[in-house]
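Trainee: Before we start, here is the structure in question, set down as C-alpha cells.
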Number of protein chains: 4
Amino acid sequence: MDIGVGMLGQGFMGRAHALAIGRVATFEGLALRPRLVAVAGRDAARLDAFAERFAVERVTTDWRDLIAADVAVFANLGPNALHAVPTIEAARAGKHVLCEKPLGRDAQEALAIEREVAAAGVTALCAFNYRFVPAVRLARQILEAGDLGELFHARFAYLQAWGADADESVWRFDAAEAGSGALGDLASHVVDLARFLVGEIDVVTGLEQRFVAGRAVDDAVAATLRFAGGAVGTLEATRFATGNANRLAFEINGAHGALRFDLERLNELEVADRHGFRRILVTEPEHPFAARWWPHGHGLGWDHTFAHEWAHLLGAIAGDHGVGPYGATFADGTAAARVCDAIVEAARTERAVHVASAER
Amino acid sequence: MDIGVGMLGQGFMGRAHALAIGRVATFEGLALRPRLVAVAGRDAARLDAFAERFAVERVTTDWRDLIAADVAVFANLGPNALHAVPTIEAARAGKHVLCEKPLGRDAQEALAIEREVAAAGVTALCAFNYRFVPAVRLARQILEAGDLGELFHARFAYLQAWGADADESVWRFDAAEAGSGALGDLASHVVDLARFLVGEIDVVTGLEQRFVAGRAVDDAVAATLRFAGGAVGTLEATRFATGNANRLAFEINGAHGALRFDLERLNELEVADRHGFRRILVTEPEHPFAARWWPHGHGLGWDHTFAHEWAHLLGAIAGDHGVGPYGATFADGTAAARVCDAIVEAARTERAVHVASAER
Amino acid sequence: MDIGVGMLGQGFMGRAHALAIGRVATFEGLALRPRLVAVAGRDAARLDAFAERFAVERVTTDWRDLIAADVAVFANLGPNALHAVPTIEAARAGKHVLCEKPLGRDAQEALAIEREVAAAGVTALCAFNYRFVPAVRLARQILEAGDLGELFHARFAYLQAWGADADESVWRFDAAEAGSGALGDLASHVVDLARFLVGEIDVVTGLEQRFVAGRAVDDAVAATLRFAGGAVGTLEATRFATGNANRLAFEINGAHGALRFDLERLNELEVADRHGFRRILVTEPEHPFAARWWPHGHGLGWDHTFAHEWAHLLGAIAGDHGVGPYGATFADGTAAARVCDAIVEAARTERAVHVASAER
Amino acid sequence: MDIGVGMLGQGFMGRAHALAIGRVATFEGLALRPRLVAVAGRDAARLDAFAERFAVERVTTDWRDLIAADVAVFANLGPNALHAVPTIEAARAGKHVLCEKPLGRDAQEALAIEREVAAAGVTALCAFNYRFVPAVRLARQILEAGDLGELFHARFAYLQAWGADADESVWRFDAAEAGSGALGDLASHVVDLARFLVGEIDVVTGLEQRFVAGRAVDDAVAATLRFAGGAVGTLEATRFATGNANRLAFEINGAHGALRFDLERLNELEVADRHGFRRILVTEPEHPFAARWWPHGHGLGWDHTFAHEWAHLLGAIAGDHGVGPYGATFADGTAAARVCDAIVEAARTERAVHVASAER
C-alpha cells in the first residue's frame, strides 16, 4: 500500500531523505510503500527544481500546506527553530512524524514536542540516522547479547574540521535558529549513540569552546561521563579537528572484549576479545540490513542509513515493531537534549552536573 | 528529456542497475533523464515482483521484446553467454548499448561484438563499473597529470573468498555460460583497471588454478605483467582468498610517488610522495563525482558507482563527451579479453605470452 | 671517558635501563661512556643473577651503598615511595640523578625532591622515556616549528587492559608505595607529553574510577583539559581498556594540520594537512635519533627509548645541552604531578580545578 | 660458559650482530654466553673505532686471523663474494659458522658451501633473520598446527624504494661481489619465508627488470609460484617501490583462515578466520621470544631479531635443539638459491621453470 510523505526542507537533508524514500520504495516486502507527494521550503525556484528532480507532485512555501489529505507522514527536516511548531501541528492533525535531530533547541523544547506528540498518539521518530548504520546496529546486538561483559569504558567523539572556514551566514551559526553549534549538530549524535549502546548517562563534567571571536554558537564541547551502569568515559564534538572529515568514532571496553567504530569507515566494526581487534566488514548476509543489498564486501554509503531509517519508521507505522528501541523515539530526543544541556551547564558552572537533575 | 531503458537481467546486476537508473534520474542538470521501461528475464514470477518494486512498465521473458519503440538504451546484464547476440541485435536496431563485463567469453567473441556494434554506429559502454569509483577516477587524474613520474611497478589483485562453499549450479560455474571463472568474473576487472591506469600490457606469464576437483572453470589466476610503458607488475584474481570479502586492490609506484586502493575501503585513496602514504577521503567537493552527493566525509557505497556509470553513458549519448577514455568502450572490452586470454595461454603453455600476438 | 652508574631497582625497569646503558655505550661520539657498576635491590639472590647477566661489578641490598666513589650517576628505578629519600641523598652527595616517573607520589613530594636536588646543583632527569620515542620528538619539532598553526584540540590517552586480572600484591597496588594507580603510572606519562607538546594545562575537570571493589588505588581517570595556549582537550588513563595492550595515543589538531601517535605503532607518526593524514615511518636518516641506528624502515622497539634517554642525560652531564626542554627536568616532574593532583581534586570535589592554584 | 665469536664485517650488518651478541649475553638461562672477541674488516681505522665502541678485544684486516683459538663461532657478514671461502675455511677449522644470506651468489656456490660445511660437522646457520621476528614465528606455529587448513594462496613481497637514488659504488651494485641485485638482497628473504611458512616451491614463472640504464644487477623481480603442497602465489622484490620503506609483506590464505604480515609493523600479525582479520600484537607473554623481553604491548625493533637468531644458534651449538626447522640451515640457504636461480632462468627463457630441475 502506498503512503504519502510530506517533507519540510529541501536542502542537504531534504535531498538525503528524498533519495532514501525513493530507494526504500524498492525494498522487498514492505507493507507500506512511501511516495513523496509534497515538499515545503522557503525558495520557490529551488522548490520547483527539487520537485522535478525527485518527481514530487506539489511544492509549497508554507509548511502548513503539507498537513493535507495526501500526506500521512510529515518529515521535518527544517532548521532547529522550526522543529517544534510544525511537528506538533502535524501530529495534532494525525500525521505520523519524523523529526530531524536535535529534537528541540534544548531539553525543555524537546520535552514539549515529545509531550504534545505523545498526546496525539501518532508514530514519531527522531532522525538519529547513525543508529541505522549496519555496524552500529551490530554493535548494539553485541552489547545486548552481553558479549562484552561488564562495561568499563566508553569514548565517543564526533570530529569535523570545517569550522574555521565556515560561511557564518547559514542558520547553523545563528543562535536563535540553531540553538547551539557543535553541541546540537554533532554532540547530540554521539550522546544518542552513547545512550543507545551503553545506557543512561548520570553525571557529566566538561567544557565548551568558541575558537572564532564573536561566534554566536559553540565550536566544540568536551566532557567526561559517568554512566548509570558503572562505565566511565569521554565525549567530544568539534568543527575544528583538522585532518578529520566526518569522524564519528566510539570505543567501548568491557570485561570480555571491546568495540570500535569510525564513520569514515562506516562498513567496518572492530570487535576485540582479549587478544586484539578484528575488523568486521558488516556486509555479511546475516548482518543488520544486509539482506536488502549486495553480496558480502560491497559496501554501503552514508545515505543508505536514511533508507534503513525510513524502512524502520514505515514498519513502526505498519505496527510491525515499535520505534524504539532500535529507532530513536521522541523520548530519546529529549533524553539526548538533557545530556547536552547538562554539558552546557557543567561548562558554565565549572561543576559536575547530575543529568537526572536536569529533568524539569 | 526522458530516455527509455530496456534491461536484460533481473538478478543482482539487474537490481544494481535499476537502482542506479532511479538515482541518476534525480541528478541535477542531466540532458537525458533515464526511465526504466522494460525488463527481460527468464522467470515470469520474479519479473513481476521486480517490476512492482522498481516501477517498471512492462516485463518479458523474451529479450527481443526490449528492442521496441519505447527503449532507446539496451542494457545487457545477462550471463556472459547472452552478451553477444542480444547486444549486437539491439545495436543493429539502433539502440545504444550498455553491456556488462566481460564483453565476450573470450577475445574473439568480444571482438565480434565490438565490430558489429561499431558498424551500427550507436553509443556503447562496457560496464566496468570500477572506473566510476571516485578514488579510481582520482587515481587516473593523478596519473594523467604525470604526478608519479616514470612508472616502475603496478600490483593488481581481486580477492574474494566464497569459492570453496559456492553453489555450483549458478551460471558462473557453467563453462559454456560463463566462459571462465575468476578470470572473466574478477581478473577482467583488474585487467581493465591496469589498462585504464597504467596502460597497455605487452607480456604476461602466469598460472591458472582449480582448487575444487571437477570444477569446470578456474578458481584463481596469477600473472606477472610487462607494460608497454616500461612498468612491471603482478596480477591476481581468486575466489579462494579467505579473510578477504571483495578486495579489489592495486598499488602503483612511480619515480615521484605511489598510489594504493582497496575496494573494501572504496572512499579512500592512498597517495604517497617519497615520505609515505597519505589517506585521502575522496569526498572533498572538488573530487570526482562528489558534487552529485554530500559534504566531505559522507562516504559513498558500491552501488553509487553504477549511478556514475549511467550518468556517463547518458552524457555520451547526449554528445557531451565520448564513452572513452573515462568509460570503457567495447574496444576496451576486447582489449581486456585479449589480456585474459593471454594469461590463460601462458598458464597452459608455461610460456610468456606477448599480448599483441593474441590479436586475431 | 667512562662514567659509573649505580642503579636502584632490578625489576622490569632495572632491566630496561641496564640494557640501555649497555647499548648507549656503543654509540659513536659519546663524551661520556656509561658503565653499570653497582645495583641495589631487596632480594640478594635475584641481585646476583642480575649482576651476572648484566656484568655488574657489585650488588647491594642497601641503596646507600650506591653513593660511593665509583658511581657518578644515581639511577632511581625503585617503587614510587622510594623516589624521594634516595634521590635527594644521592644528589646531596654530588651524584647526578635519573629518577623514574612519577617524581613524587604527589606534587608536594615532587616539589620537595625538585628543590633539594636543585640546591645540590647536580644534573637531574625525570625519566619520562616517551619523550625519547623518535615519533614523539618529531611531533615536538613540528609543533616547535609552528607548522600546525594555532592549536585547537589535543586528545591524550594511555590505555592498558591488565587491570582486571592483576596480581594485587605488587607495589603498584599499594597506596603507600605507589601513591596512586593508573594516575601516577599511566596518566603521568600523558600529562608530561601534553605539556611537552601542547604546553601548560590551566584547568581540568574529571573523574576517577575504581572498578574492583576494595582496590586501594584508582583503576582509571578521565579529564577535560584547558591549555594556557587556548587549546582544549581530553585525557584518559586506564588499566581496564580491554582490546588495547599499551596504547599511549594522542591527536593534536591545529589550524593548518594535525598529528597522531599510538605507542603500539611507535615507529609511526601520522601527520595531516587539511587533506588527511600521512603515515610517516620515523626512521628516515634525518629523523630524530635515526643516525644512531639502521637504514630507513628498520624500526626501533620500546626499549630503544631508554638508550636515547641515557644518551641525552650523558650529553647534559657533559655540558653539551640542558636536560630540558627535550628531556624532562625535575621541574617537569613536579609540573606533571600538579596536573595529576588537580585531576584527583576535580574528581573528588566535582569542580573544575585551576592547576596554578595547586602550587604550594 | 662463555663462547668466543669472531666476526667478518664491520658495516651495517656488523653493527647489528655486535649489538645482538651483547644483548643475547644478558638473556637468562643461556648455556653459552657469547663474547665478541675479534672483528675483521678492510679498513683499519674504522675497525679501531668499531672495537672501541663494541669492546672487541682484537681487530684484523685479514679474516684468516679470526680462525684462532679464542674464536668458537665464525660469523660471516661480508659481501656475498666473500661468503664461500671464509665460511668453508672456518668450518674446516672446526668453527661453528653463521653466514649472512644469500648463502652463495647462486645455487651452485651455495651448494658447494653447504657440502663443505656439512662435511666439517660444525653447527651452521644461514642468517635469514626474519624467521626470528616473533610474528613470523607465530605464523609458523599457526601453520604447523594446521589452523588454516588446506593452503590456497600465498603472496610474498619485499618492497624497498631507495634504488633510484642509490650510490652505485657500493658492493651491492657490483655483479661480481653481489651476484645479483634485488634478487639476492631482498627476494632471497621472501623465498626463505615462503619455504619456511608454506613449503617447497615447484614451479615459477616471472620476470626480472633493470630500471636504470647500465645497472649491473637487477632492480626488481616478479614471479608466480606453484607450491608442492598445492598452493599458488606471487612473489616480488624491488628497490623501486616508492612509498614503501622496508615492506616485507606476506599473506597466506587457507581453507579456514588467513595470515598477513608487514615488516613495517613487525610487532603485528593479522590472523583471519572467515569473518575478517584480527590484529595480534605479538608481545603477549606466551608469544614467541616474548619471555625474553617486556610486558605486553612494549614492542620490539628490527634489531631484536638478531638477538633471537644468536640465542637460537647458541642453543643449537649447545645441543638444545637443531638449527632447523626454526632457523635456516645451509641446506635452506641452497634451497632458497635454487628458487632464486629458477626465477632468473624463467625470466631469461620466458618459460615456466620447475625448481627441482635446477638441482645440480
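Trainee: Identify all residues within segment A:271-283 that are out of contact with any Leu (no Cβ under 7 Å at 6 or more places or on another chain), away from chain B (no Cβ under 14 Å) and either open to solvent by less than 50 Å² (accessible area, probe 1.4 Å) or not basic (Lys, Arg) (or both); write none if there are none.
Mentor: Initial filter on segment A:271-283 (out of contact with any Leu (no Cβ under 7 Å at 6 or more places or on another chain)): A:272-275, A:277-279, A:281, A:283.
Checking the rest, the ones that are also away from chain B (no Cβ under 14 Å) come to A:272-275, A:277.
Hits for segment A:271-283 are A:ALA272, A:ASP273, A:HIS275, A:PHE277.
Trainee: Report yes if C:ARG33 is among the charged types (D, E, K, R) and either open to solvent by 60 Å² or more (accessible area, probe 1.4 Å) or on the phi > 0 side of the Ramachandran plot (or both), otherwise no.
Mentor: Here the answer is no, as C:ARG33 does not meet what is asked.
Trainee: I need a count of the residues in segment C:255-266 that are out of contact with any strand residue (DSSP E or B) (no Cβ under 6 Å at 6 or more places or on another chain) and not aliphatic (A, V, I, L, M).
Mentor: Qualifying residue count for the region: 2.
Trainee: Being within 12 Å of another protein chain (Cβ to nearest Cβ) and under 20 Å from the mean Cα position of the chain (by Cα) is true for just one of B:GLU286, B:GLU268, B:GLU309. Which residue is that?
Mentor: B:GLU268
Trainee: Among the residues of segment C:282-298, is there at least one that is part of a strand (DSSP E or B) and closer than 25 Å to C:GLY14 by Cα? Please lay out each step first, then the result.
Mentor: So in segment C:282-298, the residues part of a strand (DSSP E or B) come out as none.
No, the conditions are met nowhere in segment C:282-298.
Trainee: Hey, does segment D:64-74 have a residue that's in contact (Cβ under 8 Å) with a residue 24 or more places away in the chain, at negative phi and within 11 Å of chain C (Cβ to nearest Cβ)?
Mentor: Here is the first cut: in segment D:64-74, the residues in contact (Cβ under 8 Å) with a residue 24 or more places away in the chain are D:64-68, D:70-74.
So of that shortlist, the ones also at negative phi come out as D:64-68, D:70-74.
After this cut, where a residue has to be within 11 Å of chain C (Cβ to nearest Cβ) as well, the list is none.
No, segment D:64-74 contains no residue that is in contact (Cβ under 8 Å) with a residue 24 or more places away in the chain, at negative phi and within 11 Å of chain C (Cβ to nearest Cβ).
Trainee: Suppose we keep only residues that are within 16 Å of A:ASP185 (Cβ to Cβ) and in a strand (DSSP E or B) within segment A:207-224. Which one would you say is most open to solvent (accessible area, probe 1.4 Å)?
Mentor: Looking at the filtered set, the residue picked out is A:GLU208.
Trainee: Being of a type outside the set (D, E, K, R), open to solvent by 10 Å² or more (accessible area, probe 1.4 Å) and more than 8 Å from chain B (Cβ to nearest Cβ) is the filter here, so list the residues in segment A:289-306 that pass it.
Mentor: Within segment A:289-306, A:PHE289, A:ALA290, A:ALA291 meet the criteria.
Trainee: I've got another one for you. Within the group D:GLY181, D:GLY149, D:GLY199, D:GLY163, which residue is at positive phi and either crowded, with 23+ Cβ neighbours inside 10 Å or within 11 Å of chain B (Cβ to nearest Cβ) (or both)?
Mentor: After applying the criteria, what remains is D:GLY149.
Trainee: Would you pick out the residues in segment C:225-264 that are within 7 Å of another protein chain (Cβ to nearest Cβ), part of a loop (DSSP other than H, G, I, E, B) and buried (at least 20 other Cβ atoms within 10 Å of the Cβ)?
Mentor: Selection gives C:PHE240, C:ALA241, C:THR242, C:GLY243, C:ALA245, C:ASN246, C:GLY257.
Trainee: Would you check which residues across segment C:5-14 are open to solvent by 10 Å² or more (accessible area, probe 1.4 Å) and within 12 Å of C:VAL56 (Cβ to Cβ) and list them?
Mentor: Correct list: C:GLN10 only.
Trainee: Could you check, for segment A:56-63, whether at least one of its residues is crowded, with 22+ Cβ neighbours inside 10 Å, in contact with a Ser or Thr (Cβ under 9 Å, 6 or more places away or on another chain) and either on the phi > 0 side of the Ramachandran plot or not polar (S, T, N, Q) (or both)?
Mentor: Looking for residues that are crowded, with 22+ Cβ neighbours inside 10 Å, in contact with a Ser or Thr (Cβ under 9 Å, 6 or more places away or on another chain) and either on the phi > 0 side of the Ramachandran plot or not polar (S, T, N, Q) (or both), one finds none in segment A:56-63, hence no.
Trainee: Can you report the number of residues in segment B:110-138 which are within 14 Å of B:LEU98 (Cα to Cα) and touching a His at 6+ places or on another chain (Cβ under 6 Å)?
Mentor: Within segment B:110-138, residues that are within 14 Å of B:LEU98 (Cα to Cα) and touching a His at 6+ places or on another chain (Cβ under 6 Å) number 2.
Trainee: Suppose the filter is closer than 19 Å to C:ARG115 by Cα, part of a helix (DSSP H, G or I) and open to solvent by less than 20 Å² (accessible area, probe 1.4 Å); does C:ALA342 pass it?
Mentor: Numbers: closer than 19 Å to C:ARG115 by Cα: no; part of a helix (DSSP H, G or I): yes; open to solvent by less than 20 Å² (accessible area, probe 1.4 Å): yes.
Against the criterion (closer than 19 Å to C:ARG115 by Cα, part of a helix (DSSP H, G or I) and open to solvent by less than 20 Å² (accessible area, probe 1.4 Å)), C:ALA342 does not qualify.
Trainee: Looking for whichever is within 19 Å of B:ALA110 (Cβ to Cβ), in contact (Cβ under 8 Å) with a residue 24 or more places away in the chain, open to solvent by less than 30 Å² (accessible area, probe 1.4 Å) and out of contact with any Cys (no Cβ under 9 Å at 6 or more places or on another chain) here; the options are B:ALA335, B:ALA316. Which one fits?
Mentor: B:ALA335
Trainee: Give the number of residues within segment B:240-284 that are touching a Pro at 6+ places or on another chain (Cβ under 8 Å) and either free of Cβ contacts under 8 Å to residues at least 24 places away in the same chain or of a type in the set (S, T, N, Q) (or both).
Mentor: 3
Trainee: While we're looking at this one, here's another question. Being more than 22 Å from A:VAL344 (Cα to Cα) and open to solvent by less than 10 Å² (accessible area, probe 1.4 Å) narrows it down to one residue among A:VAL122, A:VAL190, A:VAL133, A:VAL204; which is it?
Mentor: A:VAL133
Trainee: Restricting to segment A:14-41, what's the tally of residues that are over 20 Å from B:PHE12 (Cα atoms) and modelled with pLDDT under 95?
Mentor: 1
Trainee: Could I ask something else about it? Select from segment C:6-59 the residues that are more than 10 Å from chain D (Cβ to nearest Cβ) and of a type in the set (Lys, Arg) and list them in ascending order.
Mentor: Across segment C:6-59, the qualifying residues are C:ARG35, C:ARG42, C:ARG46, C:ARG58.
Trainee: I've got another one for you. Suppose the filter is surrounded by fewer than 19 Cβ atoms within 10 Å (Cβ to Cβ) and either modelled with pLDDT of 95 or more or basic (Lys, Arg) (or both); does B:ARG115 pass it?
Mentor: yes
Trainee: Does segment B:133-176 hold any residues that are under 24 Å from D:ALA258 (Cβ atoms) and part of a loop (DSSP other than H, G, I, E, B), and which are they?
Mentor: Listed by number, the residues that qualify are B:GLN160, B:ALA161, B:TRP162, B:ALA166, B:ASP167, B:GLU168.
Trainee: Picking from C:VAL221, C:VAL190, C:VAL198, which residue would you name as being free of Cβ contacts under 8 Å to residues at least 60 places away in the same chain and of a type in the set (Val, Ile, Thr)?
Mentor: C:VAL198
Trainee: Picking from A:THR87, A:THR60, which residue would you name as being without any contact (Cβ under 8 Å) to a residue 24 or more places away in the chain and either over 27 Å from B:GLY301 (Cβ atoms) or not basic (Lys, Arg) (or both)? Can you show your working first?
Mentor: Values: A:THR87 fails: without any contact (Cβ under 8 Å) to a residue 24 or more places away in the chain.
Among A:THR87, A:THR60, only A:THR60 is without any contact (Cβ under 8 Å) to a residue 24 or more places away in the chain and either over 27 Å from B:GLY301 (Cβ atoms) or not basic (Lys, Arg) (or both).
Trainee: To continue, here is another question. For segment C:180-204, which positions are charged (D, E, K, R), assigned to a helix (DSSP H, G or I) and out of contact with any Lys or Arg (no Cβ under 9 Å at 6 or more places or on another chain)?
Mentor: Selection gives C:ARG195 alone.
Trainee: Quick one: what pairs do we get from segment D:204-216, first residue within 9 Å of chain B (Cβ to nearest Cβ), second among the hydroxyl-bearing types (Ser, Thr, Tyr) and surrounded by 21 or more Cβ atoms within 10 Å (Cβ to Cβ), C-beta under 6 Å, 6+ apart or different chains?
Mentor: D:THR205/B:THR205; D:THR205/D:THR224; D:GLY206/B:THR224; D:LEU207/B:THR224
The values are calculated or read from the model by the stated rules, or taken from the named source; none is laboratory data. Computed from a predicted model, the values in this text were never measured in an experiment. Note that each Cβ is placed from the backbone with ideal geometry, even for glycine, and that neighbours are counted across all protein chains shown. Keep in mind that these areas ignore ligands, DNA and RNA; they rest on the heavy atoms of the full protein, side chains included. Shrake-Rupley method; radii C 1.70, N 1.55, O 1.52, S 1.80 Å.
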